[in-house]
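Undergrad: Pasting a structure below so you can have a look.
The values are calculated or read from the model by the stated rules, or taken from the named source; none is laboratory data. All values reported here derive from a predicted model rather than from experimental measurement. Here the Cβ positions follow ideal geometry from the backbone for every residue, glycine too, while neighbour counts run over all protein chains shown. The accessibility values were calculated without ligands, DNA or RNA, using every heavy atom of the protein model including side chains. Shrake-Rupley method; radii C 1.70, N 1.55, O 1.52, S 1.80 Å.
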Amino acid sequence: QVQLVESGGGLVQPGGSLRLSCAASGIIFSIDAMGWYRQAPGKERELVAAIRRGRIINYADTVKGRFTISRDNAKNTVYLQMNSLEPEDTALYYCKADGVFSSSGYGSPYWGKGTLVTVSS
């Protein structure tokens, strides 16, 4: 069974940095795309950044130039380096995997349970 586990969230002051990690576990042969979404209180979940195996990357306009997504295919892990954090970045950050080929077959999407990022002075 495929599971995604996020880590790295926490409390940071405005202008600070955090690095989120998301590791996919299970007997996994390949993952097409991995990404990060976030949901702030009272708002809908939104895409933050996503990366496909072909290195095609998408960012939300609000994080371009501040956040960097990367992945380690050998470890089935995706990272999100967040710099110059703003209070508006406060949210629960979720990891998502699409096009997962595992011992259970081909499945999509898989979601993690989220890691909380709070940007506050």
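Undergrad: Would you pick out the residues in segment 78-121 that are crowded, with 20+ Cβ neighbours inside 10 Å, within 18 Å of Lys43 (Cα to Cα) and either small (Gly, Ala, Ser) or at pLDDT below 95 (or both)?
TA: Ala91
Undergrad: Something else now. Read through the list (1) in contact with a Ser or Thr (Cβ under 8 Å, 6 or more places away or on another chain); (2) of a type outside the set (Asp, Glu); (3) part of a loop (DSSP other than H, G, I, E, B); (4) open to solvent by less than 50 Å² (accessible area, probe 1.4 Å), then give the number of the only condition that Val63 fails.
TA: Status for Val63: all satisfied but (1).
Undergrad: Same structure, new question: Inside segment 94-121, can you point out the residues that are more than 18 Å from Ile31 (Cβ to Cβ) and either touching a strand residue (DSSP E or B) at 6+ places or on another chain (Cβ under 6 Å) or assigned to a strand (DSSP E or B) (or both)?
TA: Matches in segment 94-121: Gly114, Thr115, Leu116, Val117, Thr118, Val119.
Undergrad: Does Val5 satisfy the criteria of being under 13 Å from the mean Cα position of the chain (by Cα), surrounded by fewer than 17 Cβ atoms within 10 Å (Cβ to Cβ) and either modelled with pLDDT of 95 or more or in a strand (DSSP E or B) (or both)?
TA: Answer is yes for this residue.
Undergrad: Phe29 is checked against (1) free of Cβ contacts under 8 Å to residues at least 40 places away in the same chain; (2) exposed (fewer than 14 other Cβ atoms within 10 Å of the Cβ) and fails just one. What number does that condition carry?
TA: Going through the list (1) free of Cβ contacts under 8 Å to residues at least 40 places away in the same chain; (2) exposed (fewer than 14 other Cβ atoms within 10 Å of the Cβ), Phe29 breaks only (1).
Results for (1) in contact with a Cys (Cβ under 9 Å, 6 or more places away or on another chain); (2) surrounded by 15 or more Cβ atoms within 10 Å (Cβ to Cβ); (3) at pLDDT 95 or above, shown as yes or no for each residue.
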| site | (1), (2), (3) |
| --- | --- |
| Ser17 | no, no, yes |
| Cys22 | yes, yes, yes |
| Arg38 | no, yes, yes |
| Leu47 | no, no, yes |
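Undergrad: Based on this model, can you work out whether Thr62 counts as within 18 Å of Gly114 (Cα to Cα) and modelled with pLDDT of 95 or more?
TA: Spelling it out, it is not the case that Thr62 is within 18 Å of Gly114 (Cα to Cα) and modelled with pLDDT of 95 or more.
Undergrad: Of all the residues that make up segment 66-76, how many are touching a residue at least 40 places away in the same chain (Cβ under 8 Å) and surrounded by fewer than 18 Cβ atoms within 10 Å (Cβ to Cβ)?
TA: 2
Undergrad: Filter segment 66-75 down to the residues that are more than 14 Å from Met34 (Cβ to Cβ) and outside any strand (DSSP E or B) and list them by number.
TA: Hit for segment 66-75 is Arg66, nothing else.
Undergrad: Report whether or not Ile51 is under 16 Å from the mean Cα position of the chain (by Cα), open to solvent by 60 Å² or more (accessible area, probe 1.4 Å) and more than 30 Å from Ser121 (Cα to Cα).
TA: no
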